[in-house]
Amino acid sequence: MAALIKRRSKKAGLPPGSLIHIGEKGSEEVRITVLDYDEVHYEEKEVKTIEESYPFRDKTTITWINIEGVHRSDIVEKIGNHFGIHPLIQEDILNTDQRPKTEDFENYQYTVLKMLHYDNKKNEIVSEQISLILGQNYVMSFQEGIAGDVFDPVRERLRTGKGFIRKMKADYLVYSLLDTIVDNYFSILENLGERTEILEKELVERPAQHTLQKLHQLKREMLLLRKSIWPLREVISKLEKTESVLITDSTKIHLRDVYDHVIYIIETIETYREMLSGILEIYLSSISNRTNQIVKVLTIITTIFMPLTFIAGIYGMNFKYMPELEWRWGYHAALFIMAMIGITMLVYFRRKRWL
């Protein structure tokens, strides 16, 4: 899984507003798509250069400019300067280790959060930063990677004109993107819940060393989920209560529903964290009980042989008349018997899963 904290040392000593990308360096080309629409008009295209998106800033229709890949600081700087985005906000867009937050400016609203999805091949949660800029008639979204997103349902609604999205202003588009991201968190929670139940069952039936590794992976993923979602409660609440003219009262009602979803997700995360902590305690307790049983059996064996060893040690087996004392194969037979006893005990311990 990706590191929970990304390196920021490369920016040490640089002045504020320095456009340095922090995060995984992408090798693919940046992909820029433009969706322009109103109630009766819809246009969707992929542009080759960032300059092709400039004319959409002053159009009366609603424009969604989606940039997939922020490892090119020059592209972020160009579009940021053209749309009047503050250099500090451009810096935050390039820094993919931002805490979810929202900031209200005179001509635009900046919001940053995490988009999560589960990678079935790597069997881990992948986190991607999403930066949203809401203007009067436009929305810009900056995605950290280009491995895909969860916005396809929003695109489909725009293409087909279903619902109110093409009848509403740009703030409703931002709400739709936020709602899609938050709804995707539920699928992540369902996956974690199923894995937690399977781990709990495995722990009761046949706990092993790999069980502890799975448990630590789940706790790490839960920590990533909590870090990504916990601050989102404050973000949605601030958007709902903002006095910005860019967000209408009708959209605030919908944001309240997103806020309720975030609260539910946070409570579920805390429940899962408590369950994992309980599972860890059960695992450690079962290992301790198993060790106690092994020590109990070994103690009994040691107690039985202790007086025999004591007597043999005192007398040293130095008797004049001892059977097989002058037998030619007596030494080899004694070694063979000792080896067989050792092997038998090892086999017995392995069958008992003490080794």
* Dipole magnitude (debye, nearest 20) for the chain, charges at Cβ of Lys, Arg, Asp, Glu -> 2020 debye
* How large is ³J(HN,Hα) for each residue in segment 219-228, as worked out from phi by the Karplus curve 6.51 cos²θ - 1.76 cosθ + 1.60 (θ = phi - 60°), to whole Hz, x for Gly and Pro? -> 5, 5, 5, 5, 5, 4, 5, 5, 5, 7
* **Mean Cα-pair separation over length for the chain, i.e. relative contact order, pairs under 8 Å, 6 or more apart, %** => 13 percent
* Asked: Helix 330-351 versus the longest principal axis of the chain: what angle, 0 to 90°, nearest 10, using Cα atoms?
  -> 30 degrees
* Where trypsin sites (Lys or Arg not before Pro) in DSSP loops with at most 14 other Cβ within 10 Å are excluded, longest remaining stretch of the chain -> 168-319
* Could you list which residues have their amide H under 5 Å from that of Glu124, counting only those 5 or more apart in sequence or on another chain, with H placed in the peptide plane? => Asp119
* Asked: Please identify the GluC sites (Glu not before Pro) of segment 229-272 that satisfy two criteria: DSSP loop assignment and at most 12 other Cβ atoms within 10 Å. Which are they?
  -> Glu243
* Structure fact -> Taking a crude spin-label model, label points 7 Å out from Cα along the C-beta direction, the Tyr42 to Met338 distance in nm is 8.7 nm
* Asked: What is the order of Ile133, Ile337, fewest Cβ neighbours within 10 Å to most?
  -> Ile337, Ile133
* Under Karplus coefficients 6.51, -1.76 and 1.60, residue-wise ³J(HN,Hα) of segment 121-138 in Hz, glycine/proline x -> 6, 8, 6, 7, 8, 10, 10, 9, 7, 10, 10, 10, 10, 9, x, 4, 10, 8
* **Ascending count of other beta-carbon atoms within 10 Å, so fewest first, for Val126, Val70** => Val126, Val70
* How much mean residue ellipticity at 222 nm does the chain get from its helices, if each DSSP H run of length 4 or more adds -39500 (n - 2.57) and you divide by all residues, to the nearest 500 deg cm²/dmol? -> -18000 deg cm²/dmol
* Asked: Across segment 244-260, in residue order, what do the Karplus-derived ³J(HN,Hα) couplings come to in whole Hz, using 6.51 cos²θ - 1.76 cosθ + 1.60 with θ = phi - 60° and x for Gly and Pro?
  -> 5, 6, 6, 10, 7, 5, 5, 6, 4, 4, 5, 5, 5, 5, 4, 4, 4
* Given segment 164-245 reduced to its alpha-carbon atoms as identical point scatterers, what log10 I(q)/I(0) does the Debye formula return at q = 0.14, 0.22, 0.27 Å⁻¹? -> -0.65, -1.07, -1.28
* Asked: Counting other C-beta atoms within 10 Å, which of Glu200, Glu52 has the fewest, and how do the rest follow?
  -> Glu52, Glu200
* For the chain, what is the convex hull (Cα atoms) projected area averaged across all directions, in square nanometres? -> 28.1 nm²
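A short reminder: the numbers here are calculations on the coordinates, not readings from a lab. The structure presented is a predicted model; accordingly, all values stated were derived computationally and were not measured. Because the Cβ atoms are built from the backbone with ideal geometry, glycine has one as well, and the counts that use them run over all protein chains shown.
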